[in-house]
1. For a label point 7 Å from the Cα of B:R28 along Cα→C-beta, name the residues of region B:101-115 whose backbone N is under 15 Å from it.
2. Please list, in order along region B:6-13, the HN-Hα scalar couplings obtained from phi with the Karplus expression 6.51 cos²θ - 1.76 cosθ + 1.60 (θ = phi - 60°), rounded to whole Hz, x for Gly and Pro.
3. With the cut-off at 17 Å, report for chain B the share of all Cα pairs above it, as a whole percent.
4. Once you have the Cα-Cα distance between A:K71 and A:A90, take 0.36 nm times their residue separation minus that, and quote the gain in nm to one decimal.
5. Once you list every other residue whose beta carbon is under 9 Å from the beta carbon of A:F10, what net charge do they have if Lys and Arg are +1 and Asp and Glu are -1?
6. Write out the trypsin sites (Lys or Arg not before Pro) in region A:24-82 meeting two conditions: DSSP loop, and at most 16 other Cβ atoms within 10 Å of their Cβ.
7. Which residue is it, in chain B, whose C-beta lies closest to the B-to-A rotation axis, and what is that distance in whole Å?
8. Taking the Cα centroid of region B:65-93 and of region A:10-70, what is the distance between the two, rounded to the nearest whole Å?
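Rule-based calculations on the coordinates, nothing more; no lab input. Just so we're clear, the structure is a prediction, and the values are computed from it rather than from any experiment. Neighbour counts run over all protein chains shown; Cβ positions are idealised from the backbone, glycine included.
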Number of protein chains: 2
Amino acid sequence: MNLGVKVKIFKALSDPSRLRILKMLQVRSLCVCEITEILGLATSTVSNHLSILRDVGFIAEYKEGKWVNYKINNNPTDPVLGSLNSIMHAILNDIEDIQRDKKMVYTVDRIAICR
Amino acid sequence: MNLGVKVKIFKALSDPSRLRILKMLQVRSLCVCEITEILGLATSTVSNHLSILRDVGFIAEYKEGKWVNYKINNNPTDPVLGSLNSIMHAILNDIEDIQRDKKMVYTVDRIAICR
DNA sequence: GCTACATTTCGTCAGATAACGAAATATAGT
DNA sequence: ACTATATTTCGTTATCTGACGAAATGTAGC
């Protein structure tokens with residue numbers, strides 16, 4: 001395992017949208033359209049962010065009908081990933097943007113959005 | 001405190017040279033020319049990396065004659081910085097590049113380099 | 001104040017990144 | 001098979017980043 005692989009893990013966290021996604025997923029699993037609605041970005045942009053987080057192992061996906069749900073990967077094999085995953089629960093909880101996102105996770109309705 | 005400030009902290013860790021610098025400084029304080037020698041980059045490039053790490057609070061500098069020494073900031077006020085600082089001690093120790101750098105920290109001699 | 005040395009700042013350039021819309025793919029129901 | 005919906009992939013564009021060398025700044029000793 002070389003340094004480049006580890007750098008990619010840190011790069012995955014170096015974007016406000018991806019940090020917001022991870023903190024949202026700490027509330028519950030979400031489909032792409034729900035995340036898109038909350039972030040207010042293009043679907044393709046969100047899909048790309050999700051693939052970056054998935055490729056390094058922060059999140060995992062599972063299909064549910066026509067939806068693709070994403071969830072936190074709670075069993076990362078990589079120790080760097082594991083350490084970062086742990087602190088992600090403790091940090092950023094006092095940030096306004098994060099608090100607003102989490103509130104929206106409770107009220108967002110995939111049926112209403114994706115019609 | 002907004003999300004953008006926190007993102008900058010993660011960005012500071014999203015570069016192989018800056019990770020290497022932080023792990024080197026865990027051995028001991030180093031001056032710019034010693035770090036430059038070990039990384040094999042231009043002095044100006046290293047100086048820029050150091051300013052990025054210093055600006056977010058990972059490291060601090062102190063002058064010693066004509067040298068500028070950099071050291072780990074062990075009392076970060078920001079909680080994100082504190083969490084990341086802690087895990088930085090536990091991770092990357094098994095990476096070859098990091099191990100080689102640390103060995104060089106023991107043998108490098110600023111007088112010989114900066115002649 | 002001149003000289004030597006250490007570091008920072010500046011200007012430039014190539015490559016990476018995040019954004020978008022459009023097109024392609026996948027799935028469910030008719 | 002056709003349609004509608006959800007997501008991904010692709011091509012493009014503007015901005016960010018990391019690299020360098022050259023010039024500027026700071027410090028110590030003569």
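1. B:102-113
2. Running phi through 6.51 cos²θ - 1.76 cosθ + 1.60 with θ = phi - 60° gives 5, 4, 4, 5, 5, 4, 4, 8 Hz.
3. Tail fraction, whole percent: 53.
4. Stretched fully, the A:K71-A:A90 segment lengthens by 5.1 nm.
5. +3
6. Passing sites in region A:24-82 are A:R28, A:K66.
7. Per the B/A rotation axis, the closest residue of B reads B:S14, 2.
8. 30 Å
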